[in-house]
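See structure below.
What follows is calculated from the coordinates using simple rules that are stated; it is not laboratory data. Predicted model, so just to flag it, every value in this text is computed and none were measured. Because the Cβ atoms are built from the backbone with ideal geometry, glycine has one as well, and the counts that use them run over all protein chains shown.
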Ligand code: G3P
Ligand code: CA
């Protein structure tokens with residue numbers, strides 16, 4: 001009996017900490033293989049067994065919510081239009097698939113409603129808001145009309161005002177504040193600090209921080225700070241398995257990647 005207990009104790013002592021099951025989030029859909037922010041890219045993400053998709057959203061001139069990363073359409077369509085100064089009908093004429101590969105010719109800029117309509121049961125979406133808080137009332141309506149469960153839709157934004165407005169106006173869903181790092185031109189130090197990031201996240205009542213995958217800054221101390229304050233910890237955008245393993249060891253809640261199937265297999269996630 002004593003021997004058994006000693007053996008069990010020994011096993012517990014030597015067993016490495018097994019990382020929790022991280023969620024894999026498909027960045028702009030499965031955007032390594034398909035044109036970003038299109039239904040083709042989101043469908044492929046589901047085929048690649050992503051736990052969630054991430055997409056970028058703007059409000060159009062006629063107050064429709066559309067899925068596109070840039071504030072102008074040139075990079076993905078070849079035609080220059082300002083999203084916020086265009087109507088949905090005008091934007092729908094653009095082909096945002098061909099730039100990636102001719103086989104995606106004819107892919108249109110989707111609406112938020114179309115993207116929400118293809119989310120499978122139990123899967124999620126990170127809705128990144130690229131404009132300001134004026135979109136939030138429309139967002140609340142679209143989410144309600146989708147019939148999805150509250151835990152299936154999460155709002156993310158670099159704009160802390162968008163997170164604050166989401167928490168106030170759509171309290172039933174989660175909101176993560178997005179943050180990145182920049183080098184101070186004089187001191188060469190990366191900013192902001194963990195404490196500064198924490199202060200903003202708490203100020204806007206975010207459920208968590210979705211942070212740029214910067215290994216120097218996103219370390220055990222930073223994660224301890226978040227966890228002590230009961231904040232979730234998510235990272236973007238990770239395509240290297242080595243980097244992903246670093247964040248996995250830190251117990252990250254979700255990893256956003258352009259390559260969901262590849263990363264899931266590299267990390268040996270089920
Ligand atoms: O998931 C967050 C990430 O998408 C932010 O960067 O420029 O790809 O929208 P960006
Ligand atoms: Ca994004």
The condition from (1) touching a strand residue (DSSP E or B) at 6+ places or on another chain (Cβ under 6 Å); (2) free of Cβ contacts under 8 Å to residues at least 60 places away in the same chain; (3) crowded, with 19+ Cβ neighbours inside 10 Å that residue 207 misses is numbered (3)
If you scan segment 231-262, which residues turn out to be touching a strand residue (DSSP E or B) at 6+ places or on another chain (Cβ under 8 Å) and more than 14 Å from ligand 1 (Cβ to nearest atom)?
231, 244, 248, 250, 251
Among the residues of segment 41-62, write down those that are more than 15 Å from ligand 1 (Cβ to nearest atom), crowded, with 20+ Cβ neighbours inside 10 Å and in a helix (DSSP H, G or I).
44
Among the residues listed as 128, 85, the single one being loosely packed, with under 14 Cβ neighbours inside 10 Å and on the phi < 0 side of the Ramachandran plot:
85
Matching residues, segment 245-270, being in contact with a helix residue (DSSP H, G or I) (Cβ under 7 Å, 6 or more places away or on another chain), in a helix (DSSP H, G or I) and without any contact (Cβ under 8 Å) to a residue 40 or more places away in the chain:
266
Filter segment 48-62 for residues that are more than 12 Å from ligand 2 (Cβ to nearest atom) and touching a residue at least 60 places away in the same chain (Cβ under 8 Å); the one that is farthest from the chain's Cα centre (by Cα) is 59
If we scan segment 67-78, do we find a residue that is more than 16 Å from ligand 1 (Cβ to nearest atom), in contact with a strand residue (DSSP E or B) (Cβ under 8 Å, 6 or more places away or on another chain) and farther than 24 Å from residue 136 by Cβ?
no
